[in-house]
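Student: Dropping the structure in here first, questions after.
The values are calculated or read from the model by the stated rules, or taken from the named source; none is laboratory data. Owing to the predicted nature of the structure, the values given are computational and were not obtained by experimental measurement. Every residue, glycine among them, receives a Cβ derived from its backbone with ideal geometry; neighbour counts consider all protein chains shown.
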Amino acid sequence: MKIRFSPLLSTGARTMVPTLVLFSLFLLVVGHDVPGGGFAGGLLAATGLLLMFLAYGERGLHRALPIEPEVVIGTGLGLAVLAGLLGLLFEGAFLTYAFASVESPVIGEIKVSTLLLFDLGVYTLVIGLGETAIQRLGGEAS
Amino acid sequence: MLLFASILLYFLAAAVVGLVGKRRPALANAAALSPFASQLLAVAWLAGEAGDSPVTDIEWIPSLGISLSIAAGPLHLLLTVIVAGIGLLIAIYSAAYFGDPGRRSRFLAMMLIFSGGMAGIVASDDLFGLFVFWEITTVASYLLIGFNDTEATARSSALQAVLVTTAGGLAMLGGFVLLALEAGTSSISDIVAAAPTGTVTNVALVLVFLGAFTKSAQAPFHFWLPGAMAAPTPASAYLHSATMVKAGIVLLVFLAPGFAGTSLWTGVVTAVGLATMVIGAVAAISRTDLKLLLAHGTVSQLGFMVALIGLGYIGAAVAMLVAHALFKAALFLIVGAIDTATGTRDIRTLSGLGSRRPWLAVAGAVAAISMAGVPPALGFVTKEAALDQLIAGDEWIGLIVIAAASVLTVVYTARFWFGAFGTKPDAVPSEVQPIGFGLWLGPIVLAALTLAFGLWPTWLEQVTSNAVGGQIKLVLWPGFKPALAVSAAIVAAGAGLYVAHRDWDRRTGGRPEKRSLGERFYAGTLRSLNLAADRVTGFVQNGSLPTYLAVILTAVLAVPAAAWLTSVRETPTLQVTNGPAEVLLALTAAAGAVAATVAQRRMAVAILLGVVGYAVAGIFVVFSAPDLALTQVLIETLTVALFALVLVKLPRRFGPGPRSISQRTRVTIASFVGVFVATAAVLASTVEHDRTIADRYVELAPEAGGRNVVNVILTNFRAIDTLGEITVLAAAAVGITALVRRAIGQAGEQPS
């Protein structure tokens with residue numbers, strides 16, 4: 001049986017998903033100063049994946065994120081632990097962070113830190129969890 | 001520091017070999033050999049250096065006073081040379097033994113991890129540091145014994161070895177803790193310098209003995225060692241001759257200066273050692289598999305060393321340890337070469353190998369006479385030293401038992417050599433494949449060392465005396481002394497018994513292997529444990545989700561609710577509302593919740609629960625908690641959509657269905673839980689907070705990297721909590737994968 005996806009949904013997804021992902025990255029980066037952060041950002045990106053899945057099925061999910069969820073989750077956890085270990089190495093204790101700020105012409109001050117690396121780990125892991133849930137719970141349904 | 005670095009190098013090399021082994025075999029081989037070679041160089045340098053403080057402390061848990069102390073005393077260096085030297089030969093041997101680069105690099109990586117652990121044990125001067133290295137060897141030995149992971153026997157043998165040694169290790173950890181508390185320090189040299197006494201110390205020692213005895217395969221725990229022969233031969237040659245099984249001996253040698261001579265030490269250690277020596281030797285004389293024969297022989301020899309330690313003859317025990325490491329590693333490697341060349345290691349089928357591979361037979365003969373205690377091999381020299389001390393110390397019981405077991409040692413040695421290399425009248429000569437240089441080198445070098453140290457024992461005598469801090473005599477020709485007569489009598493009786501036993505063996509066809517008491521106990525325990533686990537799981541996990549929920553929710557009511565009801569004394573003052581927006585949101589949430597309980601369609605319920613969630617998010621906004629609100633909205637969106645994905649597979653409406661719990665019970669439980677949670681929420685909001693921590697968080701946030709306190713708490717102040725939580729999320733993902741796959745497998749056909 002050929003599955004038909006709603007054209008409304010697929011057109012909407014095409015424009016919305018990039019925006020969602022971009023906004024999720026924004027949430028990740030600004031999280032330290034205004035509401036947001038890795039967890040919320042990851043959830044938003046996972047919502048984007050879900051939208052892709054609803055609009056285009058498993059192919060859409062795979063095209064949006066062509067990496068197996070196990071790998072995504074592992075990477076996320078790895079990044080968070082790495083951030084902790086970097087702290088152990090350079091700051092003397094697990095999960096302490098190193099900060100630096102870079103002055104750039106257009107954007108202004110950019111803060112770089114291993115704290116962002118930790119949050120990136122959370123972000124990645126949450127996306128992987130979302131991908132798992134969509135793949136497993138949505139499998140063979142569409 | 002140098003020694004510590006050389007230990008770390010093993011783990012580094014293991015990582016390199018594991019990563020590049022498949023693609024760059026040559027590089028992997030070099031990386032695998034380098035830590036052994038560099039450690040030998042490090043020892044050579046350290047031995048020349050007369051440092052005044054040989055102990056390096058690397059702080060590990062300073063709050064508990066625990067550090068990884070690496071000591072470079074004479075004893076530590078001697079043992080390190082054995083670990084690294086034999087390790088080097090066996091690494092070369094393994095490189096030739098495993099043809100496939102994938103298997104080879106996997107083996108070498110595991111062996112390097114093991115060697116790092118072993119090198120750590122023999123150089124440790126801190127109980128807890130030693131324990132860590134000890135357990136590294138346990139885990140690595142599990143991987144090595146179970147290396148042929150497609151064979152069920154290899155897996156069960158590995159499990160048996162790891163369960164027995166871990167159980168012992170756990171007891172030992174308890175003993176270490178008690179010992180460290182009693183002595184006020186965890187430094188081994190400090191403990192033995194001022195050894196504590198008393199009941200607690202005795203309990204601690206017995207626990208430590210359990211660890212040492214399980215690791216060194218002492219009766220009644222010895223059964224795991226013959227089982228571990230499922231390991232590839234290079235692993236057996238390393239683990240079961242020179243290293244892992246010596247760990248227990250090493251620990252006893254470390255502790256002996258403080259505790260040897262106490263009645264507990266002498267009684268327990270000597271008795272266990274002597275019993276093991278006899279049990280191992282009796283089992284070894286009737287084995288037909290060369291490797292199994294050596295395994296039982298190892299059990300016996302380990303018993304010998306333990307008995308010597310029990311009687312306080314530490315120097316003799318250390319000399320025996322060196323001799324045994326040399327000849328037993330050589331013998332194991334020879335068995336591996338025979339196995340590779342002929343495809344069998346069964347005494348009954350091997351024939352005529354001696355004339356085809358004379359050099360292998362000669363190396364085997366040298367190692368064998370060392371095992372039997374025949375001059376001029378090192379084994380004779382060390383055994384003579386041991387016998388001499390036993391006679392001088394009037395240890396008649398020990399002497400008689402050791403002599404009797406030594407007679408059996410001569411028997412199984414003869415059986416080994418003639419079985420491997422002899423020509424049997426009734427067997428066809430074995431087909432022999434050529435074997436490479438790598439398989440030659442180890443046996444030849446080890447046999448040559450056995451012979452050289454036997455002929456010129458002065459150097460070893462000096463090193464051993466230094467190591468144990470006392471004089472030990474190692475001489476090839478002791479003169480006509482009682483010990484020499486005992487040695488001669490042992491060899492003569494052994495030779496006679498061998499001839500008699502061989503004929504008996506030929507008539508009866510050998511004895512079948514019987515399971516020892518310890519092994520039967522192990523098997524029985526494991527079986528009952530599995531059975532009990534099955535029963536408990538079957539009862540608790542009956543597969544009904546309503547039952548699980550009912551149990552969980554009842555527990556929520558029973559424990560926290562009961563605690564609250566008994567502890568709340570005064571009625572709290574409630575602020576009813578913060579404005580019209582809150583009232584509106586609360587009413588929406590309530591309406592959604594009530595509607596959800598009466599809705600008939602599943603999808604409707606999912607959406608109504610979403611309504612409740614969004615309303616709660618709104619309340620968070622009212623209470624100016626934007627982070628919570630944001631997360632709540634996102635979560636609700638995701639869950640409602642995910643619900644939709646699942647619900648399309650289920651019937652649209654709730655059906656009557658099979659019910660394990662009646663409707664009335666469910667309503668009752670649900671109502672109580674609802675009332676309790678609501679009350680709890682109200683009460684929680686009225687409790688007076690101590691704002692010290694909260695204020696401090698706000699104050700420190702900019703310094704910790706941000707202005708958003710919530711996020712800074714999550715990623716910085718309580719980052720370890722967050723790390724734990726995302727680990728839980730990862731586990732949840734694994735759970736989803738496993739459960740859904742299982743459900744699909746069980747349902748077979750999906751309802752449309």
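Student: Among A:Leu129, A:Leu120, which is the only one that is of a type in the set (A, V, I, L, M, F, W, C) and within 10 Å of chain B (Cβ to nearest Cβ)?
Tutor: The conditions single out A:Leu129.
Student: Would you point out the residue of the stretch A:88-100, among those that are within 25 Å of the chain's Cα centre (by Cα) and surrounded by 10 or more Cβ atoms within 10 Å (Cβ to Cβ), that is farthest from the other protein chains (Cβ to nearest Cβ)?
Tutor: Taking the candidates together, the pick is A:Ala98.
Student: Please tell me if A:Leu85 is within 20 Å of B:Ala730 (Cα to Cα) and crowded, with 22+ Cβ neighbours inside 10 Å. Lay out the reasoning, then the answer.
Tutor: On the way: within 20 Å of B:Ala730 (Cα to Cα): yes; crowded, with 22+ Cβ neighbours inside 10 Å: no.
Against the criterion (within 20 Å of B:Ala730 (Cα to Cα) and crowded, with 22+ Cβ neighbours inside 10 Å), A:Leu85 does not qualify.
Student: Here's another thing I want to ask about it. Out of the stretch A:75-87, which residues are facing chain B (nearest Cβ under 8 Å) and either charged (D, E, K, R) or within 30 Å of A:Gly139 (Cα to Cα) (or both)?
Tutor: A:Gly76, A:Leu77, A:Ala80
Student: Pick from the stretch B:498-546 the residues that are of a type in the set (Phe, Trp, Tyr) and modelled with pLDDT of 80 or more: which of them is farthest from B:Phe418 (Cα to Cα)?
Tutor: Per the stated criteria, the residue is B:Phe539.
Student: Can I ask one more? What are the residues in the stretch B:347-388 that are part of a helix (DSSP H, G or I), of a type in the set (D, E, K, R) and touching a helix residue (DSSP H, G or I) at 6+ places or on another chain (Cβ under 8 Å), if any?
Tutor: Residues of the stretch B:347-388 part of a helix (DSSP H, G or I): B:353-356, B:358-372, B:378-388.
Of the ones still in play, those that are also of a type in the set (D, E, K, R) are B:356, B:383-384, B:388.
Once the filter is applied, which keeps residues that are part of a helix (DSSP H, G or I), of a type in the set (D, E, K, R) and touching a helix residue (DSSP H, G or I) at 6+ places or on another chain (Cβ under 8 Å), the stretch B:347-388 yields B:Lys383, B:Glu384, B:Asp388.
Student: Could you tell me which residue of the stretch B:358-384 is surrounded by the most Cβ atoms within 10 Å (Cβ to Cβ), considering only residues that are within 11 Å of B:Gly454 (Cα to Cα) and over 36 Å from the mean Cα position of the chain (by Cα)?
Tutor: Applying the filter and picking the extreme gives B:Val374.
Student: So, B:Arg653, is that one basic (Lys, Arg) and facing chain A (nearest Cβ under 8 Å) or not?
Tutor: Answer is no for this residue.
Student: Condition test on A:Ala46, is it surrounded by 12 or more Cβ atoms within 10 Å (Cβ to Cβ), touching a residue at least 24 places away in the same chain (Cβ under 8 Å) and facing another protein chain (nearest Cβ under 10 Å)?
Tutor: Yes.
Student: Within the stretch A:29-37, identify whether any single residue is assigned to a helix (DSSP H, G or I), surrounded by fewer than 21 Cβ atoms within 10 Å (Cβ to Cβ) and among the aliphatic types (A, V, I, L, M), and answer yes or no.
Tutor: So far as the stretch A:29-37 goes, yes, one or more of its residues are assigned to a helix (DSSP H, G or I), surrounded by fewer than 21 Cβ atoms within 10 Å (Cβ to Cβ) and among the aliphatic types (A, V, I, L, M).
Student: Out of A:Ser113, A:Ser104, I need the residue that is surrounded by fewer than 21 Cβ atoms within 10 Å (Cβ to Cβ) and more than 7 Å from chain B (Cβ to nearest Cβ). Which one?
Tutor: Within the list A:Ser113, A:Ser104, the selection yields A:Ser104.
Student: Right, next: Return only the number of the condition from (1) assigned to a helix (DSSP H, G or I); (2) more than 8 Å from chain B (Cβ to nearest Cβ); (3) surrounded by fewer than 21 Cβ atoms within 10 Å (Cβ to Cβ); (4) not small (Gly, Ala, Ser) that A:Leu61 does not satisfy.
Tutor: (3)
Student: Go through the residues of the stretch B:656-665 one by one and say whether even a single one is within 30 Å of B:Val583 (Cα to Cα) and of a type in the set (A, V, I, L, M, F, W, C).
Tutor: no
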